[in-house]
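Q: The structure that follows is given in the form of structure tokens.
The values are calculated or read from the model by the stated rules, or taken from the named source; none is laboratory data. Keep in mind that what you see is a predicted model, and the values were worked out from it rather than measured. Every residue, glycine among them, receives a Cβ derived from its backbone with ideal geometry; neighbour counts consider all protein chains shown.
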There are 2 protein chains.
Amino acid sequence: MEPQAVSPVSAAAQEVRARFRAGACRPTSGLVPGATQANMVVLPAGWAFDMLLLAQRNPAPMPLLDVTEPGRVTTPWAPDADLRTDLPRYRIWREGELVEEVDDATEHWREDAVAFLLGCSFGFERALLAAGVPVRNIEQGRNVAMYRTSHELEPAGRLRGPLVVSMRPIPAELVATAVQVSAGVPLAHGAPVHVGHPERIGVQDLAAPDYGEATDLHEGDLPVFWPCGVTPQAVLEESRPPWAITHAPGHMFITDVEEGRRPGRPLA
Amino acid sequence: MEPQAVSPVSAAAQEVRARFRAGACRPTSGLVPGATQANMVVLPAGWAFDMLLLAQRNPAPMPLLDVTEPGRVTTPWAPDADLRTDLPRYRIWREGELVEEVDDATEHWREDAVAFLLGCSFGFERALLAAGVPVRNIEQGRNVAMYRTSHELEPAGRLRGPLVVSMRPIPAELVATAVQVSAGVPLAHGAPVHVGHPERIGVQDLAAPDYGEATDLHEGDLPVFWPCGVTPQAVLEESRPPWAITHAPGHMFITDVEEGRRPGRPLA
């Protein structure tokens, strides 16, 4: 084994996670630039095959970064992290109802818990900025706006639900750039699923997002919609597993791994 | 719903599957040019999460095309096919031992069976030929040569085992082309994992493959190794689930879907 270099990204990620573990809480957009951030959903082992199959059938909203073995609370994406404590904010679900938000999920984490880490659109926001595309939710200092759509996911076992999307207003002349840039970022959500007509995907009022905060459009902007990692939370609401834990929308797990990379060994 | 055009590829695939269903048997390399072919492994539902997790952790040898719900014998990759009868040849496994090869797996298919369809390197052989790279196993009319390596997969639950690779001799001056062409074919196995020194990955004798038939190298050829969809069969041997069904090496499931595509609906 060669010793691994400590990157500035992973050092900063460890520092931020330590603050969350100690009780700090804030949305993670823009925190630790360059570090991959992840959505999380935790389910009983008896529901894990269904969720893994749902992700395999719907990879755009649910790009899988890691799945833990039952009872494990660690991941190669951040070897010193504890998934029960190192996110800024958790949601606790029972029978599909959101019952509580907490800063520490330890007492809710069951012995047979299986955690899923899913890629996050924050991964392409930096790439958009680098390509000269404004990111209005960052400019406006708001959590990204997320909406349930009328598009049903391909179901898997007992799990079904609507696609949830995040919306970013994009200047019309930069829509093609935004599509290409986001399509090229691995492990985020890929290209947008819709441009320009929210009502065509069942979104009636941009000012009333189902999750996060509304973002104002500038003159000449089009609303552009990307698959969103909050989708599993809408699935919980429809499918009602006995219990679940998720991140709170916008409050992600910050990994040690640089965007576009994966942890792990090279092949022989 | 718009009516779907019937492609020549899917018509030919249906014709060939009907012959297999009626009892015909032959390796499928070169059959129905342009149709995606798939490896198959079938396991009890109680082992399906482990296998799905293994595939998620080892996507190069196990690129997932589809996973069935327990008891289902159909797939959107070929809607009129029956997975129990439409492959040319099956292997029946018990406790990790290969106990039988059959042309019809119906009587071995249990009620809780979950089938995994995995991408196949035949998908890039046509692309290699189109790029001017000779494919020696096709020239020599032989099943491709496959070897167990010393590289251990990332394990998942009760499943572990070695990476299995297929080998194709490539003229030295075309190795870079072969790497780029195979890396660019989605849903096959991607780029090679090794070029040129078989002993470095634990392959001692090219003349004695673990599966398939040896392929002769021409003067100036290098042996090039790709991750192989027979990998799950080596996993069965090490991990010994109570029962399993697989395709026989080289005897694939021929789907209706053109190479590089996926079945399914476009998003709204």
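Q: Identify all residues within the range A:126-160 that are small (Gly, Ala, Ser) and surrounded by 15 or more Cβ atoms within 10 Å (Cβ to Cβ); write none if there are none. First the steps, then the outcome.
A: Restricting attention to the range A:126-160, the residues satisfying the condition of being small (Gly, Ala, Ser) are A:127, A:130-132, A:141, A:145, A:150, A:156-157.
Of everything in the range A:126-160, those that are small (Gly, Ala, Ser) and surrounded by 15 or more Cβ atoms within 10 Å (Cβ to Cβ) turn out to be A:Ala127, A:Ala131, A:Ala145, A:Ala156, A:Gly157.
Q: Only one of A:Leu174, A:Leu163 is surrounded by 15 or more Cβ atoms within 10 Å (Cβ to Cβ), of a type in the set (A, V, I, L, M) and farther than 18 Å from A:Tyr211 by Cα. Can you tell me which?
A: On the way: A:Leu163 fails: farther than 18 Å from A:Tyr211 by Cα.
Only one candidate passes the filter, namely A:Leu174.
Q: Yes or no: A:Ala11 of a type outside the set (Phe, Trp, Tyr), farther than 22 Å from A:Ile245 by Cβ, away from chain B (no Cβ under 14 Å) and surrounded by fewer than 17 Cβ atoms within 10 Å (Cβ to Cβ)?
A: Values: of a type outside the set (Phe, Trp, Tyr): yes; farther than 22 Å from A:Ile245 by Cβ: yes; away from chain B (no Cβ under 14 Å): yes; surrounded by fewer than 17 Cβ atoms within 10 Å (Cβ to Cβ): yes.
Considered against the rule, which asks whether it is of a type outside the set (Phe, Trp, Tyr), farther than 22 Å from A:Ile245 by Cβ, away from chain B (no Cβ under 14 Å) and surrounded by fewer than 17 Cβ atoms within 10 Å (Cβ to Cβ), A:Ala11 comes out as yes.
Q: Right, something else. Mind listing whichever residues of the range B:170-203 are charged (D, E, K, R) and away from chain A (no Cβ under 13 Å)? I'd like the intermediate steps shown before the answer.
A: We begin by selecting, within the range B:170-203, every residue charged (D, E, K, R); these are B:173, B:199-200.
Across the range B:170-203, the qualifying residue is only B:Glu173.
Q: Also, I was wondering about something else. So in the range B:204-230, with the set limited to residues that are aliphatic (A, V, I, L, M) and either part of a loop (DSSP other than H, G, I, E, B) or within 14 Å of chain A (Cβ to nearest Cβ) (or both), which one is nearest to the chain's Cα centre (by Cα)? Don't jump to the end; show me each part of the working.
A: If we filter the range B:204-230 for residues that are aliphatic (A, V, I, L, M), which is where we start, we get B:206-208, B:214, B:217, B:222, B:224, B:230.
Then keep just the ones that are either part of a loop (DSSP other than H, G, I, E, B) or within 14 Å of chain A (Cβ to nearest Cβ) (or both); that gives B:206-208, B:214, B:217, B:224, B:230.
Numbers: B:Leu206: 20, B:Ala207: 22, B:Ala208: 20, B:Ala214: 18, B:Leu217: 23, B:Val224: 17, B:Val230: 6 Å.
The qualifying residue nearest to the chain's Cα centre (by Cα) is B:Val230.
Q: Oh, and also: Scan A:Arg142, A:Arg136, A:Arg148 and give me the residue that is closer than 23 Å to A:Glu173 by Cα and not aliphatic (A, V, I, L, M).
A: Details: A:Arg142 fails: closer than 23 Å to A:Glu173 by Cα; A:Arg148 fails: closer than 23 Å to A:Glu173 by Cα.
Unique residue meeting the criteria: A:Arg136.
Q: Now, a different point. Restricting to the range A:85-128, name every residue that is aliphatic (A, V, I, L, M), assigned to a loop (DSSP other than H, G, I, E, B) and within 17 Å of the chain's Cα centre (by Cα).
A: Here is the first cut: in the range A:85-128, the ones aliphatic (A, V, I, L, M) are A:87, A:92, A:98-99, A:102, A:105, A:113-115, A:117-118, A:127-128.
So of that shortlist, the ones also assigned to a loop (DSSP other than H, G, I, E, B) come out as A:87, A:105.
Hit for the range A:85-128 is A:Leu87, nothing else.
Q: On to the next question. Please count how many residues of the range A:51-77 are within 10 Å of chain B (Cβ to nearest Cβ), part of a helix (DSSP H, G or I) and touching an Asp or Glu at 6+ places or on another chain (Cβ under 9 Å).
A: Number of matching residues: 3.
Q: While we're here: Among the residues of the range A:135-167, how many are within 16 Å of A:Pro249 (Cα to Cα), away from chain B (no Cβ under 14 Å) and charged (D, E, K, R)?
A: 1
Q: In addition: Determine whether the range B:73-83 contains at least one residue that is of a type in the set (S, T, N, Q), in the same structural domain as B:Gly46 (by TED's automatic domain parsing) and without any contact (Cβ under 8 Å) to a residue 12 or more places away in the chain.
A: Yes, the conditions are met somewhere in the range B:73-83.
Q: With B:Arg89, B:Arg72, B:Arg84 as the choices, which residue is surrounded by fewer than 16 Cβ atoms within 10 Å (Cβ to Cβ) and over 30 Å from B:Val195 (Cβ atoms)?
A: Working: B:Arg89 fails: surrounded by fewer than 16 Cβ atoms within 10 Å (Cβ to Cβ); B:Arg84 fails: surrounded by fewer than 16 Cβ atoms within 10 Å (Cβ to Cβ).
Unique residue meeting the criteria: B:Arg72.
Q: Now, a different point. Looking at B:Leu128 and the list (1) without any contact (Cβ under 8 Å) to a residue 12 or more places away in the chain; (2) more than 30 Å from A:Phe49 (Cα to Cα), which single condition is not satisfied?
A: Failed condition: (1).
Q: Test A:His151 against the stated conditions and say whether it is in contact with a strand residue (DSSP E or B) (Cβ under 6 Å, 6 or more places away or on another chain), in a loop (DSSP other than H, G, I, E, B) and of a type outside the set (A, V, I, L, M, F, W, C).
A: Numbers: in contact with a strand residue (DSSP E or B) (Cβ under 6 Å, 6 or more places away or on another chain): yes; in a loop (DSSP other than H, G, I, E, B): no; of a type outside the set (A, V, I, L, M, F, W, C): yes.
So A:His151 does not fit the description; no.
Q: Give me the residue from the range A:34-50 that is in a strand (DSSP E or B) and of a type in the set (A, V, I, L, M) and, out of that set, nearest to the other protein chains (Cβ to nearest Cβ).
A: Out of the qualifying residues, it is A:Leu43.
Q: Another question, if that's okay. For the range A:164-188, how many residues meet the condition of being assigned to a loop (DSSP other than H, G, I, E, B) and under 16 Å from the mean Cα position of the chain (by Cα)?
A: As a first pass, look at the range A:164-188 and keep what is assigned to a loop (DSSP other than H, G, I, E, B): A:184-188.
Checking the rest, the ones that are also under 16 Å from the mean Cα position of the chain (by Cα) come to A:185-188.
The qualifying residues number 4.
Q: For the range B:211-268: of the residues being closer than 21 Å to B:Val99 by Cα and polar (S, T, N, Q), which is surrounded by the fewest Cβ atoms within 10 Å (Cβ to Cβ)?
A: B:Ser239
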